[in-house]
Amino acid sequence: MITDGYSPYLPNSKIEKIILQGKYKGYDTDDLIVFATNPEKKMLAQIKKSITITKNDKDFEEIIQAAWNDFNKHLFKRDHDVIALITGPLSATDIMICHPSIVTKFLNTDFIV
């Protein structure tokens, strides 16, 4: 959005708004909600440092349940919207080094609603 770019999960759509912690807006998959236009669509994303995809993993169960809840809500347009689980290869050390500077940068801008 800052660079007037596009999300790989919302191809050909310009990012217009980002919401962090969107539970208050009615979403269960609520870590990151990206709104895009042309055509209008959104990405609901749950973000985890790491995830274990197993039958007995409570975190994974909660993520899947939240995604299913959102998929079945009127807020979710099945023909346009996407749900994503974002996780990455960053180590805990890398996250601790990067995280404060990223948060400071974004808190000092007015693009987050």
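Restricted to region 19-44, and to residues there that are farther than 17 Å from residue 66 by Cα and assigned to a loop (DSSP other than H, G, I, E, B), the residue that is modelled with the highest pLDDT is 40. Within region 69-80, restricting attention to residues that are loosely packed, with under 13 Cβ neighbours inside 10 Å and not basic (Lys, Arg), the residue that is modelled with the highest pLDDT is 72. Only one of the listed residues (42, 23, 17, 48) is of a type outside the set (Asp, Glu) and over 16 Å from residue 83 (Cβ atoms). That residue is 17.
In this structure, is residue 14 of a type in the set (Lys, Arg) and modelled with pLDDT of 85 or more?
Details: of a type in the set (Lys, Arg): yes; modelled with pLDDT of 85 or more: no.
No: the conditions fail for residue 14.
The values are calculated or read from the model by the stated rules, or taken from the named source; none is laboratory data. As the structure is a computational prediction, the values presented were derived from the model and not from experiment. Every residue, glycine as well, gets a Cβ built from its backbone with ideal geometry; the counts of neighbours run over all protein chains shown.
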